[in-house]
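Every number in this text was worked out from the coordinates using simple rules, so none of it is lab data. Every value quoted in this text rests on a predicted model; they were computed, and no experiment measured them.
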Amino acid sequence: MENENDNIKTPLCGCGCGKPVKKRRGGAYNAFLVGHNTKHSNATSSSANVHFSRFKPGNKFGKGRPVGSKNGVTLAAENLIQGEGEALSRKLIELALDGNVACLKTAIERLVPVCKSKPIVLTDLPRIESIADASVLTGFVLDAVAEGRISPVEGEILSRSCERHINALEVRDLELRLANIESKMNDRQ
């Protein structure tokens, strides 16, 4: 496009919209208009919901790094430590006993790991054998939370377990009903 003032060709936007771009402060032209897609030259705006990848489909060099493979640095560190675990543990304990707080913390975390969960103890939890008894179980969990025998977090965990058990009972009942219907259908034929 010709600029009327100085007869210099103004470059067009790199997205392919055909509009001229503006000059930057340094005198060079921008490659794209503000808001236009800089990743793909055929899109007219950045709001296009089309995913463009810089990689072409099909990798001629294989599928890449295998899942679960270790980094080279990790392998080197494991090779250095291999066979020295007992000596390193002994040194850690010695430094911890000498008063090194960081070593003491590390030793305690290794010897007595933080308990992530504890068992929920409810001795009178009702046994549910059918879907009809499901309300008894959920009512029991709600009562245990309301009375303070278990925490609300424990009640949520227990409720999820009860829900899974009830779902399993529903599937079992549906299978029995389906088998019953199939047997009746076979008897009629």
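One table, with the values for the structure above:
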quantity: Between the range 60-125 and the range 145-189, the alpha-carbon center distance in angstrom; calculated: 40 Å
quantity: Linear extension gain, ASN71 paired with VAL136, 0.36 nm per residue minus alpha-carbon span; calculated: 18.1 nm
quantity: Cα-Cα pairs of the range 75-189 separated by more than 24 Å (percent); calculated: 61 percent
quantity: Fully extended contour minus Cα-Cα distance, from ARG90 to ARG177, at 0.36 nm per residue; calculated: 24.9 nm
